[in-house]
Amino acid sequence: MASHLPNENCGRFSRILLTVAGGYGVLAVAFGAYRAHGLPLALKAAGLEAGEITERVSLLGLAVQYTLLHTLAIIAVLALTQLRFRALAGTLFSVGILLFSGSLILDAIWGYQPPSFIPPLGGMLLIIGWISVMLLTWIPSRAKNGVTC
């Protein structure tokens, strides 16, 4: 039975992306738990008003949702072994998560707003990642020699 893990021909980068996806999954669950159990109390203790607390808790929730969704997208595209250049989509998703969700997390937890172009740039990378999935499905695989990176 053939393994669905990345092979030696393209495995190193795919394994790095899978490791990054796993890290994003861990962070998303941890931030989700913090959103539910710690952030409101921490923000209240910091003296923020109720409206600001609600906004920042909601912001963290959005970051967690996008991170979890796109973490699964990274894993899914890497599992599509017949999809050539699939690491491109995984990379776009990975960097998009870092910029988009990372910006939201910084703002929600620490009140740090990165430069205004960072979140939209991350969002655009997520969108381009999905577009690349659509386009890459039309590139024929090189199944003859088993290399489909």
Exposed trypsin sites (Lys or Arg not before Pro) absent - longest run of the chain, DSSP non-H/G/I/E/B, at most 16 other C-beta within 10 Å | 1-141
Each label sits 7 Å from Cα toward the beta-carbon; between W110 and K44 the label points are separated, in nm, by 2.5 nm
Give the residues of segment 89-106 whose amide nitrogen is closer than 17 Å to a point set 7 Å from the Cα of F117 in the direction of its Cβ.
-> 96, 99-100, 103
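Per DSSP H run of n ≥ 4, the term is -39500 (n - 2.57); total these for the chain, divide by its residue number, and report the mean residue ellipticity at 222 nm rounded to 500 deg cm²/dmol.
On the way: 6 runs with 98 residues, N = 149.
After summing the helix terms and dividing by residue count, I get -22000 deg cm²/dmol.
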Is the shape of the chain rounded, prolate or oblate, going by the alpha carbon gyration tensor and its root eigenvalues a ≥ b ≥ c, with a/c under 1.5 for rounded and a/b larger than b/c for prolate?
-> prolate
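Please arrange H37, H70 by counting, for each residue, the other beta carbons lying within 10 Å of its beta carbon, fewest first.
Numbers: H37 9, H70 25.
Final ranking by Cβ density, sparse to dense: H37, H70.
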Can you pull the one-decimal nm distance between simple spin-label points at A33 and R12, each 7 Å off the Cα toward Cβ?
-> 3.5 nm
In what order do V64, V95, V57, V26 fall by count of nearby beta-carbon atoms within 10 Å, going from fewest to most?
-> V26, V57, V95, V64
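How would you rank Y112, Y34, going from fewest to most other Cβ atoms within 10 Å of each one's own Cβ? Each step should come with its number before you reach the end.
Values: Y112 10, Y34 17.
Ordered from fewest to most neighbouring Cβ atoms within 10 Å, Y112, Y34 come out as Y112, Y34.
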Taking Cα atoms, the helix 50-79 axis meets the longest principal axis of the chain at an angle in degrees (rounded to 10) of 10 degrees
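All of the numbers you see were taken from the coordinates with simple rules; none came from a lab. All of these numbers come straight from a predicted model, not from anything done at the bench. Glycine gets a Cβ as well: all are built from the backbone with ideal geometry, and neighbour counts include every protein chain shown.
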